[in-house]
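Down below is the structure, laid out as structure tokens.
The values are calculated or read from the model by the stated rules, or taken from the named source; none is laboratory data. Model, not experiment: these values are computed from the prediction. Cβ placement follows ideal geometry from the backbone for every residue including glycine, while neighbour counts extend to all protein chains displayed.
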Amino acid sequence: MPELPEVETVRRGLTPAMEGTRIERLELRRGNLRFPFPEKFEADVTGRTIIGLGRRAKYLLIDLDSGKTIISHLGMSGSFRIEEGAQQTVPGDFHHERSKDEKHDHAIFHLESSKGPRRVIYNDPRRFGFMDIAERSELQTNPFLFGLGPEPTGNELSAAYLAERFAGKAQPLKSALLDQKNIAGLGNIYVCEALWRSHILPTQAAKTLVTKSGKPKESLELLVSSIRDVIADAIKAGGSSLRDHIQTDGSLGYFQHSFSVYDREGDPCRTPGCGGTVSRIVQAGRSTFYCPVCQK
Ligand SMILES: [Zn+2]
């Protein structure tokens, strides 16, 4: 599943191709993805100018001059492809390579730009992605976006805030960090990475990072800065791979993160001087990768 840094690199890659263009036509090749496309979706967007692209958690937000916003989620296997003349670009930074098989092209934005016609194509073999449209003024209460916690890189996320959320919680830290009401857009990969960076055991109770008086312990301060760093580093890495590949054709290389613990079971821990071996356990049905020596 694409994680927040991947969605952010998709947003950054799509922005120059979509911002300021007019949607000449939206072509929907089926009635649904994970959910049905919104009613009158094509009519709602036709002739509208795209004024900007935003992101909230793992949702891509495409702002139209009508005051409405298209909400797009990439699901498990969704990606966008930009076609301009014979040139193709797939913005984004995915751990697993993305499909370019045209039979999985489900939604096509036919755009008019100052440089001529352009197509932005949504491809999704497994169809777990979806699109919705809402009034921008009502995004806060949209069912997909309602109740999401702060962004992992935003100023709202602080150790004091998490101490409030974690106080008294016996829930394992891993699950508490994956809870989108606590932090929005943090997924399995970056939770593992952030816990490893802060040398904290994923199985320990969330409340153990909070003092009896409800204040964040030093370990929680460290965890918050690790979360920020791990996301910022991934966005930076994705962004640089985008810049490297932006002008290439459809065969562009997909940047793969070199994760520190994720997907490294049995490999040596990268903490200097640790000497441990990365282990994998299953928590709430998801793999957790960690080092039993330096994470405690
Ligand atoms: Zn270690």
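Residue-by-condition table, conditions (1) over 17 Å from the mean Cα position of the chain (by Cα); (2) in the same structural domain as residue 58 (by TED's automatic domain parsing); (3) at pLDDT 95 or above:
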position	(1), (2), (3)
106	yes, yes, yes
111	yes, yes, yes
122	no, yes, no
150	no, no, yes
153	no, no, no
Report summary line: Here the qualifying pairs (Cβ atoms under 6 Å; residues six or more apart or on different chains; first in region 264-283 and near the ligand (Cβ under 9 Å from one of its atoms); second of a type in the set (Ser, Thr, Tyr)) come out as 270/260
Requested in this report: Hey, can you tell me all the residues within region 4-39 that are assigned to a loop (DSSP other than H, G, I, E, B) and either in contact with a strand residue (DSSP E or B) (Cβ under 9 Å, 6 or more places away or on another chain) or surrounded by 14 or more Cβ atoms within 10 Å (Cβ to Cβ) (or both)?
Outcome: 19, 20, 21, 29, 30, 33, 34, 35, 37, 38
**Report entry** Residues of region 187-206 that turn out to be outside any loop (DSSP other than H, G, I, E, B) and either over 27 Å from the mean Cα position of the chain (by Cα) or within 16 Å of the ligand (Cβ to nearest atom) (or both), as a count
**Finding:** 6
**Report entry** Those residues of region 151-164 which are without any contact (Cβ under 8 Å) to a residue 40 or more places away in the chain and in a helix (DSSP H, G or I), in sequence order
**Finding:** 161
Query - Yes/no for residue 277 being among the polar types (S, T, N, Q) and at pLDDT below 95 - result: no
**Report entry** Residues that are in a helix (DSSP H, G or I) and within 18 Å of residue 38 (Cβ to Cβ), drawn from region 100-150
**Finding:** 136, 137, 138, 139, 141
Query raised in the report: Only one residue in 247, 256 is at pLDDT below 50, in a loop (DSSP other than H, G, I, E, B) and surrounded by fewer than 13 Cβ atoms within 10 Å (Cβ to Cβ). Which one?
Result: 247
Report task. Considering every residue within region 165-187, establish whether at least one is over 24 Å from residue 285 (Cβ atoms) and of a type in the set (Asp, Glu). Result -> no
Requested in this report: Pairs only if they're at least six apart or on different chains, beta carbon under 7 angstrom, first in region 130-146 and surrounded by 15 or more Cβ atoms within 10 Å (Cβ to Cβ), second assigned to a helix (DSSP H, G or I); list them, first residue then second.
Outcome: 133/41; 133/44; 145/139
